[in-house]
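Chemist: This is the structure, below, for whatever I ask next.
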Amino acid sequence: MMIAPSILNIDNLNLEKDIKIAIDAGITRFHIDIMDGHFVPNLSFGPQLVSDFKKSFPGIEAEVHLMSDNPKVLVPAFVDAGPDLMLLHYEAMTMAELDHWLDFLHEHDVKAGIVLNPDTPVSVLTEFAPKLDQVLIMSVYPGFGGQKFIPESCAKIEAANELLQNKIPVEVDGGINQETAKLVREAGTSIFVAGSYLFCQDSITDQINELKEIVER
Ligand code: DX5
Ligand code: ZN
């Protein structure tokens, strides 16, 4: 079980400070949300953020959640930035393209995964399973932090674990707090992404510790 904090809702001018606080609280992986203003109606970070992150924190994993339907430009650009893992949306490209980009990531020593939006069934993972290091189930519609958790996500997490025979870690992203973390833990989540719950309250350390208690129980 692992918490992968999403840095999306950190005050950008405090990024280094808040990331350090999270690392001191035991975090070993961060979730970096990349939004292209087209596949989702919002913009976030560019490749430089990922390379700066790896320069400052080489021992900490950077997981890129690529919310873009322009993989041709953005996958190579973000691979060059040196992330440890990249997650591609099933809805953002054709199946042939998805297959190609999963191979591309592995060829460049980047772990690869598929992200499913709330309306996409887990059955689409079947033919990609041998190529996946991780699966991400969206528990909100992507685009913004601070949204409400969609309860139907729990059944999808269970179904994904069943389909993948519990061999590939299933991650959940969106609306995770103390209450929803319990629900998704019971459903079989291995990696918990949390943004506003960790970074939009008084103490990042306290929030991480509270979530850890639930995730690690
Ligand atoms: C939404 C992003 C999430 C989000 C998580 O598009 O993929 O990673 O920022 O934020 P919270 O935890 O606030 O839902
Ligand atoms: Zn995300």
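Readers should treat all values here as calculations from the given coordinates under stated rules, not as data from a laboratory. Quick caveat: nothing in here was measured; it's all calculated off a predicted structure. Quick reminder, even Gly has a Cβ in these numbers, built from the backbone with ideal geometry, and neighbours come from all protein chains shown.
Chemist: Could you list, in their original order, any pairs among Lys72/Lys182; Lys55/Lys182; Lys72/Lys131 whose Cα atoms are separated by more than 28 Å?
Modeler: Lys72/Lys182; Lys55/Lys182
Chemist: Out of all DSSP beta bridges in the range 2-215, what portion is antiparallel? Express it as a percent rounded to 5.
Modeler: DSSP beta bridges in the range 2-215 are roughly 5 percent antiparallel.
Chemist: Work out, step by step, the length gained on full extension between Asn209 and Lys55: first 0.36 nm times the residue separation, then minus their alpha carbon distance; give nm to one decimal.
Modeler: Contour length minus Cα-Cα distance gives 52.8 nm.
Chemist: I'd like to know which of Ile7, Pro71, Ala81 lies farthest towards the positive end of the charge dipole of the chain, counting +1 on Cβ of Lys and Arg and -1 on Cβ of Asp and Glu.
Modeler: Selected residue: Ile7.
Chemist: What is the order of Cys154, Cys200, fewest Cβ neighbours within 10 Å to most? Write down the numbers at each step before the final one.
Modeler: Details: Cys154 21, Cys200 14.
Result, fewest neighbours first: Cys200, Cys154.
Chemist: Which value, in debye to the nearest 20, gives the size of the charge dipole of the range 90-217 about its Cα centre, when Lys and Arg are +1 and Asp and Glu are -1 at the Cβ?
Modeler: It works out to roughly 240 debye.
Chemist: So what's the gap between the Cα centers of the range 12-90 and the range 189-217, to the nearest angstrom?
Modeler: The distance from the Cα centre of the range 12-90 to that of the range 189-217 comes to 19 Å.
Chemist: Counting other beta carbons within 10 Å of each residue's own, what order do Val172, Val122 fall into, fewest first?
Modeler: Going from least to most buried by this count: Val122, Val172.
Chemist: Give the order of Arg185, Arg217, Arg29 when sorted by the count of other beta carbons within 10 angstrom, beginning with the fewest.
Modeler: Going from least to most buried by this count: Arg217, Arg29, Arg185.
Chemist: What is the distance in Å between the Cα centres of the range 159-176 and the range 99-117?
Modeler: Each part's Cα centre sits 17 Å from the other's.
Chemist: Over the range 1-117, what is the relative contact order in percent, taking alpha-carbon pairs closer than 8 angstrom and at least six residues apart?
Modeler: In percent, rounded to a whole number, it is 21.
Chemist: Could you work out how far apart the two model spin labels at Asp11 and Glu152 are, taking each label as a point 7 Å from the Cα in the direction of the beta carbon, and quote it in nm?
Modeler: 3.8
Chemist: Rounded to the nearest 500, what is the 222 nm mean residue ellipticity of the chain from helices alone, with -39500 (n - 2.57) per DSSP H run of 4+ residues and division by all residues?
Modeler: -11000 deg cm²/dmol
Chemist: Given charges of +1 on the Cβ of Lys and Arg and -1 on the Cβ of Asp and Glu, with all other atoms neutral, how large is the dipole of the range 2-215 about its Cα centre, in debye to the nearest 20?
Modeler: Rounded to the nearest 20 debye, it is 200 debye.
Chemist: Bin all alpha-carbon pair distances of the chain at 5 Å intervals from 0 and give each bin's fraction as a whole percent.
Modeler: Pair shares across the bins are 1, 7, 17, 20, 22, 18, 11, 4, 0, 0.
Chemist: What net charge do the residues around Ala181 carry, taking every other residue with its C-beta under 13 Å from that of Ala181, with Lys and Arg at +1 and Asp and Glu at -1?
Modeler: -3
Chemist: Evaluate the relative contact order of the chain (contact order divided by residue number), counting alpha-carbon pairs under 8 angstrom at least 6 apart; express in whole percent.
Modeler: Relative CO of the chain lands at 21 percent.
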